[in-house]
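A quick write-up on the structure given underneath.
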Amino acid sequence: MPSRKYADGEVVMGRWPGSVLYYEVQVTSYDDVAHLYTVKYKDGTELALKESDIRSQSSFKHRKSQSSSSSPSRRSSSRSRSRSPGRPGRGRRRSSSQSREHKDDKKKTIQETSLALPAVLVLLKPSENNTKRYNGEPENTEKNDTSCIILEQKLKPDLEVKHFEQYSLRSRKDEKKKDEIYSEKKIFTTVKTIEKAPSKTKELEFGGRIGTFMLIFLLPATVLYLLLMCKQDDPSLMNFPPLPALESLWEARVFGIFLLWFFLQALFYLLPIGKVVEGLPLSNGKKLQYRINGFYAFIFTAAAIGILLYFQFELHYLYDHFMQFAVSAAAFSLALSIYLYVRSLKAPEEELAPSGNSGYFIYDFFTGHELNPRIGSFDLKYFCELRPGLIGWVVINLAMLLAEMKIHNLSMPSLSMILVNSFQLLYVVDALWNEEAVLTTMDITHDGFGFMLAFGDLVWVPFVYSLQAFYLVGHPTVISWPVAAAITIVNCIGYYIFRSANSQKNNFRRNPADPKLANLKFIPTATGKGLLVTGWWGFVRHPNYLGDIIMALAWSLPCGFNHILPYFYVIYFICLLVHREARDEHHCKQKYGLAWERYCQRVPYRIFPYIY
C-alpha cells in the first residue's frame with residue numbers, strides 16, 4: 001500500500017477537475033482504500049482528488065522564482081533575433097542549445113502569467129460567475145461569460161498571442177490538441193462543471209454496521225408487533241400480544257395474490273402512456289428517463305377493484321389475512337434486496353449510491369449499493385417508490401372500510417373511517433398526480449435501492465400507514481360532526497403547507513428563471529444552485545416536513561384518545577423526519593459550504609417555527 005504524502009490540514013495546490021488549473025486547497029482527510037484525498041477549497045467546496053492531482057506550494061513558488069530570474073530584455077532580444085528576416089542564415093546556424101534556451105524563456109514567461117490565473121479564476125467559479133438575482137430576474141449568463149473572457153484577456157496577453165503553446169502544466173505530446181484544450185469556451189465550461197471522483201462512503205448512518213444489522217430484524221418485528229396489537233381487545237402498550245404459530249403466518253395463496261398485485265402494477269408501469277421526463281443529472285452527467293404514468297396506474301387499479309366488487313369479490317379478505325399479506329410482502333422485499341445487492345456487485349463505480357458504498361456488506365445491503373438499478377428501461381427503485389406500496393395502501397384502507405361495515409353490520413362506514421380513508425386517499429392521489437416531483441427527492445438522487453427502501457416501500461408504507469384504518473375495525477370510535485370538521489381543517493392546513501412548499505422547491509429546482517417565481521429570493525451556492533430564503537423555505541428549513549407532521553396528526557385524531565397505538569404513526573413520523581432533517585443538514589453543509597451557514601443564519605428554525 002503506498003504511503004500517504006500529504007497530511008491533514010496541510011495547504012497544497014489542487015487541480016480543478018476537468019481542467020489544468022490549480023488552486024490553493026486544504027487537505028481534510030485521506031481514504032486509505034480508494035487512495036483519495038478530500039480537499040477543501042476557499043469557498044467551502046469539498047472534492048476528492050488523486051495524489052497525482054495535488055502539488056505542494058513550494059513547487060509553484062520555485063517555478064515562479066525561476067521565471068522572475070530570467071531577464072525580460074534578454075527574452076525580447078532573443079525573440080527579435082529569431083524573427084529578424086535580415087539574418088536568416090544566422091538564425092538557422094543558432095545551435096540547438098540556444099534554441100532550447102529561447103523556448104525555455106518563452107515557457108517561463110507563460111508560466112509566470114498562467115500561474116497568476118487561478119487566483120482570478122477562483123472568483124469566477126460557479127458560485128459567483130453567474131449574474132445572480134435575488135428578486136426573480138433570470139441569470140444573465142451570456143453577459144457574464146463575456147466579462148469573464150475580457151478580464152482573462154487583460155490579465156494574460158502573452159497567452160492570447162501564443163495560444164497557450166507552452167502551458168507548463170501540459171505534457172509535450174498534448175500540445176497538438178492546444179486549440180481544443182485552451183479555447184476560452186473549454187476553460188470556462190470545465191470551471192463550471194465539478195466532477196467528483198467516486199469514493200467510498202465514509203460516514204455511516206443508522207448506527208453503522210451494528211445498527212443496520214439490528215434494523216434488518218427490528219423493522220419486520222415492529223410491523224408484526226403493531227398488527228398483533230391492533231387485533232387485541234385491549235391494545236395497551238403494556239399488554240404484549242401472544243405470538244402466533246409460525247405456520248399461521250404463511251399461506252401460499254396469499255403470497256400468490258401479492259405476486260399478482262406486484263406484477264399487475266409492473267404491467268401498468270410499462271404501458272406506453274404518459275409523458276417521459278428526464279431526472280436530475282447524475283454524478284457522471286447523464287440523465288435517466290422516467291415515464292410518468294402513476295396516476296393512470298391508479299385509475300386502472302380503481303377500475304380493476306370496481307370490477308372485482310361488481311362480481312361480489314369479498315375485498316375484506318385482506319382484513320382476514322392481513323398478517324399473512326404482511327409476511328408475504330416482507331419475504332418478497334427480502335428476496336428483492338438480495339437480488340439488488342448481488343447485481344450491484346457488477347455495477348460500474350459511477351452507478352453506485354454515494355450513501356451505500358462503504359465496502360461493508362451489511363451496511364451496503366441495508367442502505368442500497370446501487371443508485372438506480374434497472375432492467376432495461378424498468379427502474380426498480382422508481383417503480384417501488386410510488387406504485388405497489390402506495391396504491392396498495394389505498395386498497396387496504398378500502399378493505400378495512402368494507403370489513404368494518406360487515407363486522408359491525410353497518411349500512412355505511414363510520415365517520416371516523418370515512419375521514420381516515422379520505423385524508424389518506426388525498427395524500428396518495430396528490431403523490432401520484434405530482435409524480436414528477438419525486439425525481440428531485442433524496443430517495444431517488446442520493447439513496448441506493450436496498451433493504452431499507454425495498455422493505456419501506458413494499459411493507460412499511462402499506463401495512464403501517466394503514467394502521468389507523470386497521471385499528472378502527474376492531475375499535476370503533478364515534479365522533480361528532482363539529483369534531484370531524486375541526487379535524488378536517490387541521491388536515492387541510494397540513495396539506496396546504498406540504499403541497500405549496502414542495503411545489504415551490506420543485507419548480508425552483510427545474511426552472512429558477514420561471515417568471516412565476518419572480519418574487520422568490522435565494523442565496524447562490526458554489527454548485528450553481530440557489531437556496532430559497534423566501535416563501536415557505538424562508539419560514540422554516542423543512543416546511544414540507546412540518547406539513548407532513550400536521551397531516552399525520554389529523555389522520556390519527558379520528559381514532560380518539562383511548563389508546564396511544566393509533567398515534568404511533570405520528571411519533572414515528574416525527575422521529576423519521578427529525579432523522580432526515582439531521583441527515584439533510586449534514587448533507588447540505590457538505591454540499592453548499594459557507595452558503596448553507598448563511599442560509600441557517602437567515603432561517604434559524606428547522607421544522608417547527610419558534611421551537612425547533
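The values are calculated or read from the model by the stated rules, or taken from the named source; none is laboratory data. Small disclaimer: the values here were computed from a predicted structure and weren't measured. Backbone-built Cβ (ideal geometry, glycine too); neighbour counts: all protein chains shown. Side chains included, ligands, DNA and RNA excluded: accessible areas come from the protein's heavy atoms. Shrake-Rupley method; radii C 1.70, N 1.55, O 1.52, S 1.80 Å.
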Problem - Among residues of segment 586-605, those that are in contact (Cβ under 8 Å) with a residue 40 or more places away in the chain, of a type outside the set (A, V, I, L, M, F, W, C) and assigned to a helix (DSSP H, G or I), counted - result: 8
Handout entry: Of the criteria (1) closer than 22 Å to Lys589 by Cβ; (2) outside any loop (DSSP other than H, G, I, E, B), which one Met13 fails
Key = (1)
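Within the group Asn507, Asn519, which residue is without any contact (Cβ under 8 Å) to a residue 12 or more places away in the chain and open to solvent by 50 Å² or more (accessible area, probe 1.4 Å)?
On the way: Asn519 fails: without any contact (Cβ under 8 Å) to a residue 12 or more places away in the chain.
Being without any contact (Cβ under 8 Å) to a residue 12 or more places away in the chain and open to solvent by 50 Å² or more (accessible area, probe 1.4 Å) holds for just one of Asn507, Asn519, which is Asn507.
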Exercise for the section: From Leu228, Leu224, Leu218, grab the single residue that is part of a helix (DSSP H, G or I), without any contact (Cβ under 8 Å) to a residue 12 or more places away in the chain and out of contact with any helix residue (DSSP H, G or I) (no Cβ under 6 Å at 6 or more places or on another chain). Expected result: Leu218
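Which residues, taken from segment 352-382, are assigned to a helix (DSSP H, G or I) and within 17 Å of Tyr290 (Cα to Cα)? Quick ask: steps written out before the conclusion?
Restricting attention to segment 352-382, the residues satisfying the condition of being assigned to a helix (DSSP H, G or I) are 361-367, 380-382.
Leu380, Lys381, Tyr382, listed by residue number.
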Practice task
Kindly provide the set of residues from segment 559-574 that are part of a helix (DSSP H, G or I) and surrounded by fewer than 16 Cβ atoms within 10 Å (Cβ to Cβ), ordered by number.
Solution key: Ile571
Exercise for the section: Take Tyr290 and decide whether it is exposed (fewer than 14 other Cβ atoms within 10 Å of the Cβ) and among the hydroxyl-bearing types (Ser, Thr, Tyr). Expected result: no
Exercise for the section: Any chance you could count how many residues in segment 575-595 are open to solvent by less than 20 Å² (accessible area, probe 1.4 Å), under 18 Å from Lys40 (Cα atoms) and of a type in the set (A, V, I, L, M, F, W, C)? Expected result: 1
Exercise for the section: Could you figure out which of (1) in contact with a helix residue (DSSP H, G or I) (Cβ under 6 Å, 6 or more places away or on another chain); (2) in a helix (DSSP H, G or I) isn't true of Leu426? Expected result: (1)
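The rows are residues; the columns are (1) basic (Lys, Arg); (2) assigned by the TED database to the domain that holds Tyr567; (3) open to solvent by less than 30 Å² (accessible area, probe 1.4 Å).
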site	(1), (2), (3)
Phe455	no, no, yes
Tyr465	no, no, yes
Tyr471	no, no, yes
Ala485	no, yes, no
Asn491	no, yes, yes
Tyr495	no, yes, no
Phe498	no, yes, yes
Fill in the blank from the handout: Apart from one, (1) closer than 21 Å to Lys231 by Cα; (2) open to solvent by less than 20 Å² (accessible area, probe 1.4 Å) all hold for Asn357; the odd one out is (1)
